[in-house]
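Peer 1: There's a structure below that I have some questions on.
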Amino acid sequence: MADAEGMKESVNFQPKIAQETQGFFLKGSNSLEWGMKNRLARIFNPKSGRTVMLAFDHGYIMGPTSGLERMDLTIVPLIEHSDCIMCTRGALRALVPPAMDKPVSLRYSAGTTVLTELNDECVMDIEEASRLNASLLAVMVAVGDRFEAVTMRNLTKTVDMGTRYGIPTLGVTAIGKDMARDSRYLSMAARVCAENGAHVVKTYFCEGFEKVAASCPVPIVLAGGKKLPELDALTMASRAMDQGACGVDMGRNVFQSEDPVAMLKAVKAVVHDNETPQRAFELFQTLKNQS
Ligand code: R5P
């Protein structure tokens, strides 16, 4: 216990040195409170301002899709090479070692599967997210879909509850049925997520992506989408970074790759080191041949 007697005199006030007021490195995040900023600074590298999130939450609507049949064998070894993991609470509890030191983007909405009509979802309990030490709450938002209002209410509720606990929200733009995946639609979907409180938005690449990124006031992370040849996926990631994305949240293009660890390292080279797609692909091939 601190002792009130014999206290050393305080002399180191340095009144001539003004206390520095630092801004926060992440787009649109300067007015957030400390807990939110701290969580975001664990997800986004403060040096590059970017992140490589590893998404393996697909099972919540797709079941054991290719590459995720045995996540203990295919995904757990990848975790150390990512900046953040995005998964369901089921996978987290059952398979992810609690001693790992990566922030968790928790799949926070759930509902219909690919066997019916997607996006009719609800959200989890915020205390559950807190128990699981979530750093980000991922909610599906389906602009232009039959379930648009349902998903928008889920986003609103998540932002409200997350704000109470200092946990930021990731608005995931599900492409509404019959919607074109173009810059006009994705600009609207991303902007609607941000205006309704999402602290980070996840969306797809498209021609004119710079308009999507520029008109979204919070960071955008790129969703990978279906598996592409490695060079094409690296090219897409590189173009998205050049056009204003703050990282990727990639799943199938990593865990369905011939060599997922090599691919994850190549994606990191593009995202954090601005490596060209060709050089990142060469890195991928070199690493693949070594394993
Ligand atoms: C989509 O609903 C999930 O949130 C996935 O995590 C997301 O689509 C990213 O995975 P992929 O890169 O495979 O598209």
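Laboratory data are not the source of any read-out in this text; all were calculated from the coordinates shown. Just so we're clear, the structure is a prediction, and the values are computed from it rather than from any experiment. Counting neighbours? That spans all protein chains shown, and the Cβs are built from the backbone with ideal geometry, glycine included.
Peer 1: With only Lys, Arg, Asp and Glu charged, each at its Cβ (+1 for the first two, -1 for the last two), find how big the charge dipole of the range 34-257 is about the Cα centre; round to the nearest 20 debye.
Peer 2: Rounded to the nearest 20 debye, it is 360 debye.
Peer 1: Using Cα springs under 10 Å in a Gaussian network model of the chain, which residue among D57, D72, D160 shows the largest mean-square fluctuation?
Peer 2: Greatest mean-square fluctuation among the candidates belongs to D72.
Peer 1: Using just the Cα positions, wrap the chain in a convex hull and report its mean projected area in square nanometres, one decimal place.
Peer 2: On the way: hull surface 77.8 nm².
Mean orientational projected area (the chain, Cα hull): 19.5 nm².
Peer 1: As I understand it, the dipole of the chain uses +1 on the Cβ of Lys and Arg and -1 on the Cβ of Asp and Glu, about the Cα centre. Which of M53, M188, P103 lies farthest toward its positive end?
Peer 2: Farthest towards the positive end: M188.
Peer 1: Using only helices, what value at 222 nm comes out for the chain when you add -39,500 (n - 2.57) per DSSP H run of length 4 or more and divide by the total residues, to the nearest 500 deg cm²/dmol? Can you show the working numbers first?
Peer 2: Details: 13 runs with 117 residues, N = 291.
Estimated from H runs of four or more residues: -11500 deg cm²/dmol.
Peer 1: Can you sort H199, H272 so the residue with the fewest Cβ neighbours within 10 Å comes first? Before the final figure, lay out each step's value.
Peer 2: Numbers: H199 26, H272 18.
Taking fewest neighbouring Cβ atoms as first place, the list is H272, H199.
Peer 1: Moving on to the next point. Which entries of K47/K202; K226/K288; K202/K288; K102/K288; K202/K265; K102/K265 have Cα-Cα distances beyond 18 Å here?
Peer 2: As for pairs spanning more than 18 Å Cα to Cα, those are K47/K202; K226/K288; K202/K288; K102/K288; K202/K265.
Peer 1: Provide the descending list of Cα extents for the range 158-291 along its principal axes, expressed in whole angstroms.
Peer 2: For the range 158-291, the Cα extents along the three principal axes come out at 48, 34, 27 Å.
Peer 1: Given the chain, what percent of its DSSP beta bridges are antiparallel, to the nearest 5? Can you show the working numbers first?
Peer 2: Working: 4 of 30 bridges.
If we restrict to bridges inside the chain, about 15 percent are antiparallel.
Peer 1: What does the charge count near K226 come to, summing +1 for each Lys or Arg and -1 for each Asp or Glu among other residues with Cβ under 15 Å from its Cβ?
Peer 2: Values: positive: R181, K227, R252; negative: E230, D232, D249.
Computed value for this residue: 0.
Peer 1: Please turn the phi angles of the range 170-179 into ³J(HN,Hα) values with the Karplus equation 6.51 cos²θ - 1.76 cosθ + 1.60 (θ = phi - 60°), one per residue in order, whole Hz, x for glycine and proline.
Peer 2: Once rounded to whole Hz, the list reads 9, x, 9, 7, 7, 6, x, 3, 6, 8.
Peer 1: Follow-up. What is the order of T65, T116, fewest Cβ neighbours within 10 Å to most? All intermediate terms of the calculation are to be shown ahead of the outcome.
Peer 2: Values: T65 16, T116 9.
So the residues, fewest neighbours to most, are T116, T65.
Peer 1: Ok, one more. If you average the sequence gap of Cα pairs under 8 Å that are 6 or more apart and divide by the length of the chain, what percent do you get for the contact order?
Peer 2: On the way: 515 pairs, mean separation 46.6, N = 291.
Reported as a whole number, the value is 16 percent.
Peer 1: Classify the range 128-179: rounded, prolate or oblate, from the alpha-carbon gyration tensor (a ≥ b ≥ c, eigenvalue square roots; a/c under 1.5 rounded; otherwise prolate if a/b is larger than b/c)?
Peer 2: Because a/c hits 1.5 or more and a/b exceeds b/c, the range 128-179 counts as prolate.
Peer 1: If Rh is defined by the Kirkwood formula over all Cα pairs and Rg also comes from Cα, what ratio Rg/Rh do you get for the range 42-125?
Peer 2: 0.99
Peer 1: Count neighbours as other Cβ atoms within 10 Å of each site's Cβ, and list the trypsin sites (Lys or Arg not before Pro) in the range 68-97 that are DSSP loop with at most 16 such neighbours. Write out the running numbers ahead of the final one.
Peer 2: Values: sites: R70, R89, R93; in loops: R70.
Those that pass, being in a loop and sparsely packed, are R70.
Peer 1: Using a simple charge model, +1 on the beta-carbon of Lys and Arg, -1 on the beta-carbon of Asp and Glu, nothing else, what dipole does the range 1-152 show about its Cα centre, in debye to the nearest 20?
Peer 2: Details: 15 positive and 19 negative charges, 100 e Å.
Roughly 480 debye, rounded to the nearest 20.
Peer 1: For Y185, Y108, what ranking results if the residue with the fewest other Cβ atoms within 10 Å of its Cβ goes first? Before the final figure, lay out each step's value.
Peer 2: Values: Y185 20, Y108 32.
Ranking Y185, Y108 by Cβ neighbours within 10 Å, fewest first, gives Y185, Y108.
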